[in-house]
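Here's the structure we're looking at; comments come further down.
The values are calculated or read from the model by the stated rules, or taken from the named source; none is laboratory data. What you see is a predicted model, and the numbers here were worked out from it, not measured in a lab. Backbone-built Cβ (ideal geometry, glycine too); neighbour counts: all protein chains shown. The protein model used for the area step is the full one, side chains on, heavy atoms only, and it has no ligands, DNA or RNA in it. Shrake-Rupley method; radii C 1.70, N 1.55, O 1.52, S 1.80 Å.
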Amino acid sequence: MGTGSCSWVLPVTICWFLFLSGVYSGEVRGVNLGGWLVVEGWIKPSLFDGIANGDMLDGTQVQFESVPLQKYVSAENGGGQAVTVDKDVPSSWETFRLWRVSETEFQFRSFGGQFLTCDDEGDSVSATAESPATKETFYVERNSDNRVHIKHKSGTYLQATLANQLTADYPGTPGWDDNMATFEMIIVANNLHGDYQLANGYGHDKAKQVLTEHRNNFIKQEDFIFLYRHGINTVRIPVGWWISQDPNPPPPFIGGSLASLDNAFSWAQMYDIRCIIDLHAAPGSQNGMEHSASRDGSIGWPSPEYISQSLDVIDFLASRYADHPALLGIELLNEPSASGVLLDDLVSFYSKGYETVRNYSSIAYVIICQRIGNADPLELYQANIGSSNIVVDLHYYNLFDPFFVNMSAGDNIEFIFKSRQTQLQALNKANGPLVFIGEWVNEWNVASASQMDYQDFGGAQLQVYDTASFGWAYWTLKNDRKHWDFEWNINNNYLQLGDSSKQKISRGAWLLALAMCFYLHIL
């Protein structure tokens, strides 16, 4: 009996080692599938080409100057009281964010969040409505010179008065001369091009057609073959909260992303690639950016209702994919804003999200993203969020900050080694979660950089980010901006991955492991 037991020790030990190696071994070398299931217009601008009045999407910031008075429409104190037409120089009180109802109907949100409203013909306009309905909806007519008329629901046009008020009582139909109902519209910012803007801009039927074609063609099976051949072992897949209500999410969002996510898991399994599902767009928006599907740049996520809804999404994703062999982890939230999300609220959400994932899997990695803005990633290391397989996601860009604007190629590379490497070394040594550089890119603010400069910069990042205890993921696989495009970088030799000794075991090695187990068993 004793001899028989001993004869099985070595085979069992070897098989167990090989099994664990097959499940996961070493750090992530990943790529983000950005701009696919969560729309980011800058990644593929052509998605928005067919929208009428495409410069007046949800969240567009506009100002209106009375042509005869040469004064700007202003929500006094930023909102909450009367609207005047009396400012010589526009600022925040004179800037309104559009809520688009149709290509010609809009609602105007003031700096303080209130909407312009007017009860009836002849009444003055105020910025006092907390939420928009019919009387907060106005028709906008515009000509080629960006002059506009704004028409009240009663059919009467708004006009500026000599008393510097805005009233719904212009008599008749105004022409485009210098009359009191004619305003010059100045578009201050039109930088939100996300899922909300696309779907609400096109309308449901056209948006469904555009997004279906995009989802079917932007990422395909052959992309996974490309990744496999270049040693990529993981994809980080951004998703929006509405995926949990597929195929019929609430308006204006368009269903169909769940089927695409299922495809990604199938392709990943075929080519020995693991998947991280990343909740990139949370209900209410966690950072006010287009990639969080914000309607107008506002941050509404840190509310009990939206946090509860987010946990429901995590529950849905974990229950659906926990047992899938391609799942590596679930990222609970992408890039919460430090200015809009309190740390205590975020830690509470992360703790509940961790438990939600653990209800379905004891081994899936739970990934928590640091806050963007003025926040130290160590704040998450000091939080007691979970006991096992926790990862902190840091996003490293030598962009988006005035600090990097005047840096030379050498300065950027020195920063990677001195600042980023030092931080990673400290976090790797910390008694806490693993470290993941979940987003980085081979791009900077260096003008006229040579191919060799890019190779050196990319090589420095790879050298340093390879030391992260969990690994890294490039942003993004495909992008109209070529240096952001992983495929372009690889195909044009701007990014040189080299070999990694930390790749997970291949399918061939896995089959060899099974054969070895069988061989040892029959011995």
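Okay, here's what the table says:
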{"read-out": "Those residues of segment 467-478 which are open to solvent by less than 10 Å² (accessible area, probe 1.4 Å) and either in a loop (DSSP other than H, G, I, E, B) or among the hydrophobic types (A, V, I, L, M, F, W, C) (or both), in sequence order", "value": "Ala468, Phe470, Trp472, Ala473, Trp475, Thr476, Leu477"}
{"read-out": "Condition met for Leu258 (open to solvent by less than 10 Å² (accessible area, probe 1.4 Å) and either closer than 27 Å to Phe470 by Cβ or among the polar types (S, T, N, Q) (or both))", "value": "no"}
{"read-out": "Selection status of Tyr157, under 32 Å from the mean Cα position of the chain (by Cα) and either aromatic (Phe, Trp, Tyr) or at pLDDT below 95 (or both)", "value": "no"}
{"read-out": "Residue in segment 274-330 that is nearest to Trp241 (Cα to Cα), counting only those that are of a type in the set (Asp, Glu) and either at pLDDT below 95 or open to solvent by less than 50 Å² (accessible area, probe 1.4 Å) (or both)", "value": "Asp278"}
{"read-out": "So Thr182, is it of a type in the set (Ser, Thr, Tyr), more than 15 Å from Gln63 (Cα to Cα) and out of contact with any helix residue (DSSP H, G or I) (no Cβ under 9 Å at 6 or more places or on another chain)", "value": "no"}
{"read-out": "Count of residues meeting criterion [farther than 22 Å from Gly112 by Cα and open to solvent by 60 Å² or more (accessible area, probe 1.4 Å)] in segment 128-140", "value": "1"}
{"read-out": "Meets criteria (open to solvent by 50 Å² or more (accessible area, probe 1.4 Å), touching a Pro at 6+ places or on another chain (Cβ under 7 Å) and not aromatic (Phe, Trp, Tyr)) for Asp345", "value": "yes"}
{"read-out": "Cross-chain or 6+ apart pairs with Cβ under 6 Å, segment 68-81 first and outside any loop (DSSP other than H, G, I, E, B), then open to solvent by 50 Å² or more (accessible area, probe 1.4 Å) and modelled with pLDDT of 95 or more", "value": "Ser74/Trp93; Ala75/Trp93; Gly78/Trp93; Gly78/Phe111; Gly78/Gly112"}
{"read-out": "Segment 272-297, residues that are out of contact with any strand residue (DSSP E or B) (no Cβ under 8 Å at 6 or more places or on another chain) and over 26 Å from Phe226 (Cα atoms)", "value": "Ala282, Pro283, Gly284, Ser285, Met289, Glu290, Ser294"}
{"read-out": "Segment 423-466 - residue that is charged (D, E, K, R) and not in a strand (DSSP E or B) and, of those, surrounded by the fewest Cβ atoms within 10 Å (Cβ to Cβ)", "value": "Lys429"}
{"read-out": "Unmet criterion (only one of (1) more than 33 Å from the chain's Cα centre (by Cα); (2) under 17 Å from Asn200 (Cβ atoms); (3) among the charged types (D, E, K, R)) for Asp86", "value": "(2)"}
{"read-out": "Failed item in (1) without any contact (Cβ under 8 Å) to a residue 24 or more places away in the chain; (2) under 17 Å from the mean Cα position of the chain (by Cα); (3) in a helix (DSSP H, G or I), with Gly300 passing the rest", "value": "(3)"}
{"read-out": "Residue within segment 322-333 that is in contact with a helix residue (DSSP H, G or I) (Cβ under 7 Å, 6 or more places away or on another chain), outside any loop (DSSP other than H, G, I, E, B) and in contact (Cβ under 8 Å) with a residue 40 or more places away in the chain present", "value": "yes"}
